[in-house]
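This report refers to the structure that appears directly beneath it.
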Amino acid sequence: MVLSSFLAVCLPGKSWPHYYYLLIPPLIIAIAAATHEIAVALKTRFPSAAKPLALLFAIVPILLGWTEHRDYLDQPLFGITVKRYNSRDFWGRAMGEKIQQVTEPNDTIFVFGSDTGVYYYSDRRCASRYTMITGLSSGYEGVDERRGILLEELRRSPPRIILVLFDEQPFEGWLALLDEYYENIGGDKHDRTEEWIMFVYGLKVAPVEAIDWEWHRKEVGGW
């Protein structure tokens, strides 16, 4: 059962999405039952294979333990999420720390994207009720109303800094808001493609210190 739990939790965890967690309990039971049935069947048909089977059941956990130490225990913080989610957790922490560097604790910010970890690592409140922009994306019912609410909230209390990611194309009213209240103060490019993945906008009436907003994956190390 211990080996089954290990297989069910660790092996797919490097590349499977978070909703896989719901399958962990039944998969543990299924793996344990299947392993037992296979072992019994082999012993019944091949009695002389008992010792080799015992050796196999000893070697497999050792090999699995080594691979999981390499992929889990020997990784930096969030390293185990890289294979599934790229380096977004590291990126979110880096951007949050940069924002914290150039803003005050009572400043608000807004991330036009899905990287909500920026709010946590910057220790700055979101200027809108929409901490993620999924509901503001094209094709969702009621999206125009939600976009209107967002613009009203940001005009009423403009955030000090806005990060614009490319999770969703900016809509017309959004571009007008940026043009009226904000100026582009930097951005970040993809390490390999050199394409822009984020632009940073600062409030015109409250300029922030000029810093380098670029972040490079190689700064983390570990994998």
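Listed here are the strands (runs of 3 or more DSSP E) enclosed by the range 141-223 that have at least 3 residues being in contact with a Leu (Cβ under 7 Å, 6 or more places away or on another chain), surrounded by 11 or more Cβ atoms within 10 Å (Cβ to Cβ) and touching a residue at least 12 places away in the same chain (Cβ under 8 Å): 196-203.
The residues of the range 109-125 that are buried (at least 19 other Cβ atoms within 10 Å of the Cβ) and of a type in the set (Val, Ile, Thr), listed by number, are ILE109, VAL111, VAL118. Could we say that SER114 is outside any helix (DSSP H, G or I), over 29 Å from HIS216 (Cα atoms) and at pLDDT below 90 here? The answer is no for SER114.
Of all positions in the range 89-108, at least one carries a residue that is assigned to a helix (DSSP H, G or I), of a type in the set (S, T, N, Q) and surrounded by 15 or more Cβ atoms within 10 Å (Cβ to Cβ).
Just give me the residues in the range 183-210 being hydrophobic (A, V, I, L, M, F, W, C) and either more than 18 Å from ARG93 (Cβ to Cβ) or modelled with pLDDT under 95 (or both), in sequence order. First the steps, then the outcome.
Keep residues of the range 183-210 that are hydrophobic (A, V, I, L, M, F, W, C), which gives 185, 196-200, 203, 205-206, 208, 210.
Selection gives ILE185, TRP196, ILE197, MET198, PHE199, LEU203, VAL205, ALA206, VAL208, ALA210.
For the range 117-140, residues that are outside any helix (DSSP H, G or I), among the small types (Gly, Ala, Ser) and either more than 14 Å from ILE162 (Cβ to Cβ) or outside the structural domain of MET95 (by TED's automatic domain parsing) (or both) total 3.
The values are calculated or read from the model by the stated rules, or taken from the named source; none is laboratory data. As the structure is a prediction and not an experimental result, all values here were calculated from the model. Every residue, glycine as well, gets a Cβ built from its backbone with ideal geometry; the counts of neighbours run over all protein chains shown.
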